[in-house]
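These notes are about the structure you will find just below.
None of the figures in this text is laboratory data; all of them are computed from the coordinates on show. Being a predicted model, the structure only gives us computed values, none of them experimental. Positions of Cβ are generated from backbone atoms using ideal geometry, with glycine treated the same way; all protein chains shown enter the neighbour counts.
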Amino acid sequence: MHYSDYLELDKILDAQHPESDRLGTPAHDEMLFIVIHQAYELWFRQLLYETDSVIAIFGQPSLNDNSPELQTIVHRLSRCATILKVLVHQIDIMETMNPMDFQDFRDLLRPASGFQSVQFRLLEARLGLQYEGRVGKQYYLSQLRPEEIDRVKAAETTPSLLQLLNAWLERMPILDDTAGTAFWADYRGRYQSSLADAEKANLEAFDRVFFENSTDRTLSPSACRSALFIMLYRGYPLLQLPYQVLHQLLEIDEQLSTWRYRHMSMVHRTIGTRIGTGGSTGRDYLSVALEKHHLFREIAALTSFLIQRKRLPELSPEIRRRLGFG
């Protein structure tokens, strides 16, 4: 086996063909533009590979919460978060191209656009971004080829990571019905007493998040109760890996948001308020997507319902034993 053959470098290194060179008006920075976007697509491929493997594990009929498989999930989610950090830092390289350098070849790209990245659309769908929650639905699939549209729609019809997370949290056998009812009544009272006067409305939010079903949520009340319980008692051995799952999902969401923000800022710095090459509203679209496309916002919101450790309800000896202590 030879290095270049194994990596198929003849294909990879012969995949940069600037349009400006083809037309006889070379623009030096177009090569950088191509290489960076090709690198993005390679990392999207790896992110999809890791995400699909996590979905396959989560999708099993049963998952031991103290098993090596859960450790594998945490490890691969952590890898995804690290890859996303690399994607954020690639923008630093892109920003070495000044606006006038981009103008030298920008018009040659129309109507090509990053909006046409089918891999990124697949990644969003596999993680859990639903069509109903998307910004710019009129652009969402309009610029993809028919076979690409079929791939994205197929991805949207299979269980996403967010949906499987909800199912996993719902079936976590931490508290039975009787113990659970008593625990959450106790915890609600302790939470209420911890609120400052200006926070009294939080009690209504508490009841809504943990006890009321609605069609506009992605995590059920029982899943949210499990997630909060994991956060509160994550020091117990059985809950350490589940807590890391939640932590890594929030890290992925944060890195995606950071990437969206850096992308939006770069676009504004480079083309101002002009429309994107694919016809989107450019910075305005990216700004709204930054605000709306949070995948795990319901997990992040649970921190509003934490209380001090010293005020936590004491768990029964049986529950402590099940969670791994004595």
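In degrees, nearest 10, range 0 to 90: what is the angle between the Cα axis of helix 221-232 and the longest Cα principal axis of the chain? Tilt relative to the chain: about 80 degrees. Helix 202-211 versus the longest principal axis of the chain: what angle, 0 to 90°, nearest 10, using Cα atoms? The angle comes out at about 90 degrees. Could you identify which residue out of Phe115, Phe211, Phe44 has the top mean-square fluctuation in a GNM of the chain using Cα springs shorter than 10 Å? Maximum among the listed residues: Phe211.
Structural descriptor for segment 199-273: relative contact order 15 percent, calculated from alpha carbon pairs under 8 angstrom and at least 6 residues apart.
Charges only on Cβ, +1 for Lys and Arg, -1 for Asp and Glu: so what's the dipole of segment 1-105 about the Cα centre, in debye to the nearest 20? Show your work: numbers first, answer last.
On the way: 6 positive and 17 negative charges, 97 e Å.
That gives segment 1-105 a dipole magnitude of about 460 debye.
The simple spin-label model puts a point 7 Å past each Cα toward its Cβ; for Leu312 and His75 those points are separated by 2.8 nm. For Arg110, Arg322, the sequence from fewest to most other C-beta atoms within 10 Å is Arg110, Arg322. With a simple spin-label model that places each label point 7 Å from the Cα along the Cα-to-Cβ direction, the separation between Ser117 and Met100 comes to 2.9 nm.
Please arrange Phe105, Phe33 by counting, for each residue, the other beta carbons lying within 10 Å of its beta carbon, fewest first. Working shown, then result.
Working: Phe105 22, Phe33 19.
Placing the least packed residue first, the sequence is Phe33, Phe105.
Amide H contacts under 5 Å for Ala27: Ser20, Asp21, restricted to partners 5 or more places along the chain or on a different chain, H placed in the peptide plane at 1.01 Å from N. A simple rule links phi to the HN-Hα coupling: the Karplus curve 6.51 cos²θ - 1.76 cosθ + 1.60 with θ = phi - 60°, which for segment 27-39 gives 10, 3, 7, 5, 4, 4, 4, 5, 4, 5, 6, 5, 4 Hz, with x for Gly and Pro.
Explain nothing, just the number: relative contact order of the chain, from Cα pairs under 8 Å at least 6 residues apart, as a whole percent.
On the way: 299 pairs, mean separation 78.5, N = 326.
Dividing the mean separation by the residue count of the chain yields 24 percent.
The angle between the Cα long axis of helix 68-94 and the main principal axis of the chain comes to about 40°, on a 0 to 90 degree scale.
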